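Laboratory data are not the source of any read-out in this text; all were calculated from the coordinates shown. Fair warning: this is a prediction, and the values are worked out from it, not measured in the lab. When we count neighbours, we look across all protein chains shown, and the Cβ atoms used for this are built from the backbone with ideal geometry, even at glycine.
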Amino acid sequence: MILAKLDIPSTYNSLVGHPIWEQALGFIRILDEQTTLGITELRGNEMFANVHTYLTKAESDCRFEGHRNMIDLQYIIKGGELIDWYLKNELEEDGVYDMQNDFQFYKQPPKLSCSRISLQAGYFSIFYPEDGHRPQINDGRNHSVLKAVVKIHRKLLY
């Protein structure tokens, strides 16, 4: 998991110069509050972005999720939320893996000692296939989020 601020490149130096990360970062740099919602293909189904909006929720209404093949670069355009992070191999699967959407829910760990980040406008986080994450948690200040999620297939980077 990486947490960085888009306008401070020193917070994500390790990504700079790699063509896949440069394309993803270039895409989110042009986003603003007037950006059209929906899917934008960057490299077909191996790399695409989804710009969407939603209301944040109480922690108890949010679920851990993860992916097997896709990396999420989650960027907040407007608003903010809390996201919990936990190593996926320490979580128990909850339900059937959705192969088409590369998506799996996970049960709440019995003793939650996860890391929590506050993702606000101008910040992005990257969640790798090894990362379980629980987004959409209300942060007490923002009740909605305008967000872009760039999905990158791991084979483009590994």
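Going by the structure shown, is THR36 over 21 Å from GLY132 (Cα atoms) and either touching a helix residue (DSSP H, G or I) at 6+ places or on another chain (Cβ under 9 Å) or assigned to a strand (DSSP E or B) (or both)?
Values: over 21 Å from GLY132 (Cα atoms): yes; either touching a helix residue (DSSP H, G or I) at 6+ places or on another chain (Cβ under 9 Å) or assigned to a strand (DSSP E or B) (or both): no.
So THR36 fails the test.
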Margin query: If I filter segment 121-141 down to residues being out of contact with any Lys or Arg (no Cβ under 7 Å at 6 or more places or on another chain) and among the small types (Gly, Ala, Ser), which single residue comes out as surrounded by the most Cβ atoms within 10 Å (Cβ to Cβ)?
Written below: SER125
Note to self: Looking only at segment 32-54, how many residues end up being touching a residue at least 24 places away in the same chain (Cβ under 8 Å) and surrounded by 12 or more Cβ atoms within 10 Å (Cβ to Cβ)?
What the structure shows: 12
Next item on the list: Please state which of the following conditions THR11 fails to meet, knowing it meets all the rest: (1) in a helix (DSSP H, G or I); (2) under 15 Å from GLY122 (Cβ atoms); (3) of a type in the set (Val, Ile, Thr); (4) in contact (Cβ under 8 Å) with a residue 40 or more places away in the chain.
Entry: (4)
Check: Counting only residues that are under 30 Å from GLN34 (Cβ atoms) and among the aromatic types (Phe, Trp, Tyr), how many does segment 73-102 have?
Finding: 1
Next item on the list: Inspect all residues belonging to segment 65-79 and state whether any of them is of a type in the set (D, E, K, R), in contact (Cβ under 8 Å) with a residue 24 or more places away in the chain, buried (at least 16 other Cβ atoms within 10 Å of the Cβ) and under 19 Å from ARG116 (Cα atoms).
Entry: yes
Check: Can you spot a residue in segment 58-77 that is under 20 Å from ALA121 (Cα atoms) and of a type in the set (Lys, Arg)?
Finding: no
Notebook entry, point to check: Any residue at all in segment 110-125 that is more than 25 Å from GLN34 (Cβ to Cβ) and in contact with a helix residue (DSSP H, G or I) (Cβ under 8 Å, 6 or more places away or on another chain)?
Noted result: no
Check: Which members of segment 26-71 meet the condition of being of a type in the set (D, E, K, R) and under 23 Å from ARG141 (Cβ atoms)?
Finding: ASP32, GLU33, LYS57, GLU59, ASP61, ARG63
